[in-house]
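Here's the structure we're looking at; comments come further down.
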Amino acid sequence: MFSNRMFNILVPIISVVLGLIAGAIIMLGFGYNPFQGYLALIDGAFGNAYFFGETIRQVTPYILTGLAVAFAFRAGLFNIGAEGQVIVGWLAAVWIGTTIEAPMIVHLPLALFAAALAGGMWGFVPGLLKAKLGVHEVIITIMMNYIALYLTNHLIRNVLTDTKDTTDRVVESAALSSEWLMTLTSYSRLHWGILVALVAAVFMWFLLEKTTAGYELRSVGYNRHASEYAGMKVGKNIILAMVISGGFAGLAGAMEGLGTFGYMPTHSAFTNIGFDGIAVALLGGNAALGTVIAAFLFGTLKIGALNMPTGAGVPAELVEIVIALIIFFVASSYIIRWALLRLKKEGK
Amino acid sequence: MENYVVEMLDIRKEFPGIVANDNINLQVKKGEIHALLGENGAGKSTLMNVLFGLYQPEKGEIRVKGKKVKITDPNVANELGIGMVHQHFMLVDTFTVTQNIILGSEPRRYGTIDIKKAEKDVSELSDRYGLRVDPKAKIRDISVGMQQRVEILKTLYRGADVLILDEPTAVLTPQEIKELIGIMKSLVKQGISIILITHKLKEIMEVCDRCTVIRKGEGIDTVNVSETNVDDLASLMVGREISFTTEKTPAEPKQSVLNIHELKVLDARGVEMVKGLNLEVKAGEIVGIAGVDGNGQSELIEAITGLRKTESGKVLLNDKEITNLTPRKVTEAGVSHIPQDRHKFGLVLDFPIGENMVLQTYYQKPYAKNGILSFNKIYDHAKNLIKEYDVRTPNVFTKARALSGGNQQKAIIAREVDRSPDLIIAAQPTRGLDVGAIEFIHKKLIEERDKGRAVLLISFELDEIMNVSDRIAVMFDGNIVANVKPEETNEQELGLLMAGSRKEKVGGE
């Protein structure tokens, strides 16, 4: 009845639908109209050019952090450190963007590269420790998140500025923002970064599915022993996977630094872009295309939700609960998988 | 009327597109050991899963102790006194023997588990059936053989009097097999009935009373073991004559291919497992290493293939030193390795079978150019191998996981032999396979020998060593303790040598 492929597509869709239904029940329970609520959400995400621009703007870093987590997953690693990699990537991009003078054709790629490099370095450390000493990457990446947060705050206050809480704005030649895109979308913060994110998704797909390097990464992800037996260098692949994963997350930071904000403020808490990337990757089945689609969904929910309090009177906290429910159903997708299999058995 | 404990009459079970069981009758008498014999994929496990309540049959009747029953799930089977010991154990590693046994039916006292009583019960049960398990030992600390006895105890603890054992000897050493056979005999003496799923004919002859044969999902016959012999059983099972003594011409050894000098290897704990070993394998001969598991065979193979660093000594291939090279360099030097554990080492189970066929060669032409894979070439290559080696798979895109054990092994052998290596290391190449597949693999190894390749065969099955090898090196305690010719020795002598008893011929050539 269902092929494997169908299955992989069906499960996340059902997860999302169940999450929406559960959210509707919660809204009903608290006396809000779920139809109005969801209509407000859709309106808030796509209702006019401004909202649409903001949605795409939000989708951009989600694609990249989703790819970061998905890529590591494919090599059998859990990169929970995308958050920290976003932060260092953000700083690196802004640093290059504020301190160097060069024509755009050099400056912008250089700033993006710096962000990817910084994120990659942040992935390299846990990768190296995992490969050489067998230290679990989850522990190290969590710690690296905190190091990133406080280190960047320190650098912004004491190195990039004179005890200020934000950096200068990046110069024109390093900015992703575009007057044209902004006017097109009634002055949303939409920027060219979406193209970077989509190129990154194609890059990940190509690397994993078409190259020998990707073959090794997938093989190591599935079965380390067989990979070693077959002559692959398991340690090298673990490090490589973490570096590339960190690079994606670093680029997500650049999206914020060179696009959305154009500067970097100090952060008192995590941005959550990296953590949301975990849910995006999970929903997207750790595949490039799936991650892009999942990122669109998350961006839509995030931006659309902003309209729910004004559009339908649903409090923002409830909106967070609805999103959490969707993630919950995605995370427990094995239950849905099981139910589908059951159906398949009986329906044959 | 005969006194049957379990009767499965005219059972039919279908899966989408295939009939897994059809027209099968299985009648088990009280207190007998009844073998269920069939090739891999013949439908033995399906039939037993029907009996155990995991599948519902489309047709047919099941009777337990004369009463017609409907077994809807394993709990019903348990209540009817049917217990199953699966091939892959279902035990919690970090729990003790007792904790595992009582799991799900714990004796309670004031709302807490009465572990004292449980331990007492377990040790009484264990004594009664001669199972010798330590109720307080943790599962991860005990041998595979003892783990299996824990599984048996688990079913007895739940009051089972019909035991289904699914290929119980596949994971055991020869000593453990002997013990298990003793246990089975003592169980039936006390009124327990056993259904033994197996494709090992010798075991059937040794321990079973009657034997039901199924082939391609159909019931073929039920025979009294005392009135039959291995050859008849084999042809019943396969549907054609099977030759057990593999046909081969005498070896014509040529130049030396593998030379090992004074090799010392430590295991992961740092214990010396290979202790100054010397070994030579020539082109055109099969050298069989006989030995009980754990005498350094695994470490020896890992050292040759580059998976483990050596402590001292030299490994030469065609007079070139390959000591401590990386696995890739060893492979490129001309060594193929059919690993002992095909799931852990031999295959990436979640890769399509086609991608598994280039596991060592994916980066070479024509499978890749400038780092980009050519999937057309890869899958064409896989298609050819699958045809040539008769790997039964729906297509090359099927995941390796979905194939039967025999076909997985054929795929590995296809991949390893096709590289035209100078040396083939085959570790337990036929473990868990049925006679048809075993025959095929033995033939292939001999064919490769005849093409002038050196073959190093490591096996715990003496039959295999005796049948296939041109020369036998007996390994004990990290050393080769004897070199013998198969035609000049017998299983008893080999058994003694493997157990470490020295004899005059020690040292061999």
Exercise for review: Report the extension gain between B:Thr246 and B:Arg158 in nm, rounded to one decimal, defined as 0.36 nm multiplied by the number of residues separating them, less their alpha carbon distance.
Suggested key: 27.2 nm
Check your understanding: If the limit is 22 Å between Cα atoms, which of B:Lys138/B:Lys200; B:Lys30/B:Lys138; A:Lys236/B:Lys344; B:Lys13/B:Lys399; B:Lys275/B:Lys451; A:Lys130/A:Lys236 go over it?
Key -> B:Lys138/B:Lys200; B:Lys30/B:Lys138; B:Lys13/B:Lys399; B:Lys275/B:Lys451
**Study point:** Hull volume in cubic angstrom per residue (convex hull over the Cα atoms of chain B)
**Key:** 175 Å³
**Study point:** Efficiency of FRET between A:Phe46 and B:Val76 - r from beta-carbon atoms, R0 56 angstrom, step 0.05
**Key:** 0.55
Practice item. Let me know the charge dipole size of chain B about its Cα centre in debye, to the nearest 20, where only the beta-carbon of Lys, Arg (+1) and Asp, Glu (-1) is charged. Key: 1360 debye
**Study point:** For chain B, with +1 on Lys and Arg beta carbons and -1 on Asp and Glu, the positive-most of B:Gly66, B:Val335, B:Phe351 along the dipole
**Key:** B:Phe351
Point to revise | Distance between modelled label sites at B:Arg132 and A:Met143, nm, 7 Å Cα→Cβ extension | key: 4.8 nm
Practice item. Averaging sequence separations of C-alpha pairs under 8 Å and six or more residues apart, then dividing by the length of region A:29-178, give the relative contact order as a whole percent. Key: 25 percent
Review point. Taking the Cα-to-Cβ direction at A:Thr183 and at B:Lys383 and moving 7 Å from each Cα, how far apart do the two end points lie in nm?
Key: 5.7 nm
Review point. If you bin every alpha carbon distance in region A:62-305 into 10 Å steps from zero, what whole percent lands in each bin?
Key: 9, 33, 35, 18, 5, 0
Point to revise | Highest to lowest packing among B:362-372, B:27-37, scored as the average C-beta count within 10 Å | key: B:27-37, B:362-372
Review point. Per residue of A:209-217, what is the mean number of Cβ atoms on other protein chains within 10 angstrom of that residue's Cβ?
Key: 5
Study note, to complete from the structure: Expected integer from the mean partner chain Cβ neighbour count at 10 Å over B:334-342 is 1
Review point. What's the extension gain from B:Asp221 to B:Arg401 if we count 0.36 nm per residue and subtract their Cα-Cα distance?
Key: 61.6 nm
Exercise for review: In a Gaussian network model over chain A where Cα atoms closer than 10 Å are linked, find which of A:Gly76, A:Gly84, A:Gly290 has the largest mean-square fluctuation.
Suggested key: A:Gly76
Study note, to complete from the structure: Per-residue ellipticity at 222 nm attributable to helices in chain B (runs of n ≥ 4 DSSP H, -39500 (n - 2.57) apiece, nearest 500 deg cm²/dmol) works out to -9000 deg cm²/dmol
Study note, to complete from the structure: Relative contact order of region B:119-221 (C-alpha contacts under 8 Å, at least 6 apart) in percent is 24 percent
Practice item. Mind pulling up the Rg/Rh value for region A:1-153? Radius of gyration and Kirkwood radius, both on Cα. Key: 1.09
Check your understanding: So how long is each side of the protein assembly as shown along the principal axes, counting just the alpha-carbon atoms, biggest first, in Å?
Key -> 92, 70, 53
**Study point:** chain A - charge dipole about Cα centre, Lys and Arg +1 at Cβ, Asp and Glu -1, debye rounded to 20
**Key:** 1320 debye
Study note, to complete from the structure: Checking rank on A:233-239, B:198-204, with mean other Cβ inside 10 Å and highest first, the result is B:198-204, A:233-239
Check your understanding: To one decimal place, what Kirkwood hydrodynamic radius in Å is obtained for region A:298-344 from all pairs of distinct Cα atoms?
Key -> 12.1 Å
Practice item. Give me a single rounded figure for B:370-380: the average over its residues of other chain Cβ atoms within 10 Å of their Cβ. Key: 2
Practice item. First select every other residue whose beta carbon is under 14 angstrom from the beta carbon of A:Met204; then total the charges, Lys and Arg +1, Asp and Glu -1. Key: +2
Check your understanding: Taking the Cα centre of region B:83-148 as origin and charging only Cβ (+1 Lys, Arg; -1 Asp, Glu), how large is the dipole, in debye to the nearest 20?
Key -> 120 debye
Review point. What do you get for Rg/Rh of region B:24-172 when both radii come from the Cα atoms and Rh is the Kirkwood radius?
Key: 0.99
Review point. Which is farthest toward the positive dipole end of the protein assembly as shown among B:Asn483, A:Gly193, A:Val69, measuring Cα position about the Cα centre, with Cβ charges +1 (Lys, Arg) and -1 (Asp, Glu)?
Key: A:Gly193
Revision key, fill the gap. GNM on chain A, Cα springs under 10 Å; top mean-square fluctuation among A:Gly31, A:Gly97, A:Gly284 goes to A:Gly31
Review point. How would you rank A:118-124, B:223-229, highest first, on the average number of other Cβ atoms within 10 Å across their residues?
Key: A:118-124, B:223-229
Study note, to complete from the structure: Listed with the fewest Cβ neighbours within 10 Å leading, A:Met232, B:Met146 appear as B:Met146, A:Met232
**Study point:** region A:254-287-region A:23-62 distance, computed between alpha-carbon centres (Å)
**Key:** 20 Å
Exercise for review: Could you work out how far the C-alpha centroid of region B:427-470 sits from that of region B:154-233, in angstrom?
Suggested key: 25 Å
Exercise for review: Could you pull out every residue, at least 5 positions away or on a different chain, whose amide H is within less than 5 Å of the one on B:Asp221? Hs are placed 1.01 Å off N in the peptide plane, and Pro or chain starts have none.
Suggested key: B:Val213
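Taken together, the values in this text are just the output of simple stated rules run on the coordinates, not laboratory data. Just so it is clear, the model here is predicted, and its values are computed rather than measured. With ideal geometry, Cβ positions are generated from the backbone for all residues, glycine too; neighbour counts draw on all protein chains shown.
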